[in-house]
Structure formats: C-alpha cells, structure tokens
Amino acid sequence: MKFFIDTANLQEIREAQDLGVLDGVTTNPSLMAKEGISGDEQVKAHYKAICDSVDNNVSAEVIGTNYESMIEEGEILAQIDNKIVVKIPMIKDGVKAIKYLSNRGIRVNCTLIFTAGQALLAAKAGASYVSPFMGRLDDIASDGVALIQQIVHIYENYGFTTEVLAASIRHTMHLIQCAEVGADVATCPYKVIMGLLNHPLTDKGLAKFLEDHQKAQQAAHVAG
Ligand code: G3P
C-alpha cells in the first residue's frame, strides 16, 4: 500500500519524507489556500518545491471546469515536473479531459469520487488514480470504506490498472480499513500517518527494557 500525504505544507511533507515511508503528495485548492498560495507563478513555484521534496506522485489540481481550460491547465501543470499527476474533478468535461491528457502520457488523478459508477467512468477514460472521499461519505452517514471495497472489486473484475487512492481520511482506523479492503494508496494528513506509531504498551515496554539494561550495567559496574 502506498502512503501519500494530503497537504500542501512543505514542512509536513519534508518530515514525512524524512521518515522514509512516503510515496507521494496530494493537494487540492483548499489545501493550497490554507498555505496562503495563490497566483499562477506562486502556485507553480510551490508545486516545484513539493516535487523537489519527494520522490514521485505529486497531485496538482486544475481550477478550470470546462474541457479547454482543464486540458490547458493540465498541460501547464505537467510541465512543472515529471512527478506531477494532474488532478481533475469528476464532471462531464473532466472525463473528456482525463481521456485527452492520459492519451498524451500525462498521469491523471480523478478527484471528488463518491460512487462506483464515477470510478468506473474515470478508469474507462484512462485515469491513473481515482480518489474516493471516504471521510466526506462517513460525514453524511454513508459507508466510505464500503465504497473503497466496491471500487477495488470492480477494478479487479476487469483488470483496470487505475489505482484506488483512498482520500478524505480522517483517522488511523480509516487507514487500517483501507488497507484491509485493498486500497492501492491512502492519502492522509500528517497526524494520521504519525498516529500509526502510537501505542502505550510500546512506550511502557521500551521504558522497561531501558530500565533493566541500566540496572544490569550498574550491577556489572559494582561487581567489577
Ligand atoms: O485531497 C482530497 C481530500 O483528501 C479531502 O479531505 O478532509 O477535506 O474531506 P477532506
């Protein structure tokens, strides 16, 4: 399972990369706005800085919502770095844009997926990734993990190479559930990745090991 970090914050991206488990980054217009990034040149420079911080797979989302603007923006974004994956929303013109860009060898992540039918369309159009938003489904009392499982199953039936990128992950249990149902990728906030580390028995066990080691050292010192 690949781990992507869902943020445009460079410090978090670099810290996750430094941990050695990061496979990519996803951003969206809200995450870019949260970092105060705006204007074409600043946006491009920020994506370049993200690409320089990781090994591959940096999702950069288009803002346009018609076919012509999406393909134009997609081509500009793809030229920033070959690590860029162009993020296109699941709308009618978006499907056409996915087909156009993927035919030209540009990787696409189709975003705002909430049904298996949308995921099927995106795969047919040639998306490299689809992003079902599990947290936002859970927010409205729908079953986010069930959708991930359904898409994984459908893609397996037909041998689609499109990867299921579970998005809108809010906590560590979401991440574990995605792994259980076979999501190819999970994109999570920094705190969710770091949350996987924690267990009080790990901390207690380590403290005891170190205490016992220290006692043995002291005993050896006294005896010697
Ligand atoms: O990048 C898309 C997605 O992960 C958004 O998450 O928490 O805003 O629903 P959230």
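Only one of L77, L101 is touching a strand residue (DSSP E or B) at 6+ places or on another chain (Cβ under 8 Å), farther than 24 Å from F3 by Cα and open to solvent by less than 30 Å² (accessible area, probe 1.4 Å); which?
From the options L77, L101, the qualifying one is L101.
Has region 97-108 got any residue that is touching a helix residue (DSSP H, G or I) at 6+ places or on another chain (Cβ under 9 Å), under 20 Å from A186 (Cα atoms) and among the polar types (S, T, N, Q)?
Within region 97-108, not a single residue is touching a helix residue (DSSP H, G or I) at 6+ places or on another chain (Cβ under 9 Å), under 20 Å from A186 (Cα atoms) and among the polar types (S, T, N, Q).
Based on what the data block shows, is I106 exposed (fewer than 15 other Cβ atoms within 10 Å of the Cβ) and at pLDDT 95 or above? Step through it out loud before you land on a result.
Numbers: exposed (fewer than 15 other Cβ atoms within 10 Å of the Cβ): no; at pLDDT 95 or above: yes.
No; evaluated as a whole, the condition is false for this residue.
Filter region 55-74 for residues that are over 10 Å from P89 (Cα atoms) and either away from the ligand (no atom under 16 Å from the Cβ) or part of a helix (DSSP H, G or I) (or both) and give the result. So that I can check it myself, show each step before the final result.
Residues of region 55-74 that are over 10 Å from P89 (Cα atoms), as a first pass: 55-60, 66-69, 71-74.
Within region 55-74, D55, N56, N66, Y67, E68, S69, I71, E72, E73, G74 qualify.
How about region 26-55: which of its residues are among the small types (G, A, S) and touching a residue at least 12 places away in the same chain (Cβ under 8 Å)?
Narrowing region 26-55 to residues among the small types (G, A, S): 30, 33, 36, 38-39, 45, 49, 53.
A49, S53 - these are the residues of region 26-55 that are among the small types (G, A, S) and touching a residue at least 12 places away in the same chain (Cβ under 8 Å).
Run L112 past the list (1) open to solvent by less than 10 Å² (accessible area, probe 1.4 Å); (2) part of a strand (DSSP E or B) and report the number of the one that doesn't hold.
Of (1) open to solvent by less than 10 Å² (accessible area, probe 1.4 Å); (2) part of a strand (DSSP E or B), only one is false for L112: (1).
Residue under question is A167, and the condition is that it be within 20 Å of G94 (Cβ to Cβ) and touching a Cys at 6+ places or on another chain (Cβ under 7 Å); does it hold?
no
Quick test for you: out of A49, A33, A45, pick the one residue that is assigned to a helix (DSSP H, G or I), open to solvent by 10 Å² or more (accessible area, probe 1.4 Å) and within 14 Å of the ligand (Cβ to nearest atom).
A33
The values are calculated or read from the model by the stated rules, or taken from the named source; none is laboratory data. What you are looking at is a predicted structure, and each value in this text was computed from that prediction instead of being measured. Heads up, the Cβs are rebuilt from the backbone with ideal geometry, glycines too, and the neighbour counts pull from every protein chain shown. With ligands, DNA and RNA removed, areas are computed over all heavy atoms of the protein, side chains included. Shrake-Rupley method; radii C 1.70, N 1.55, O 1.52, S 1.80 Å.
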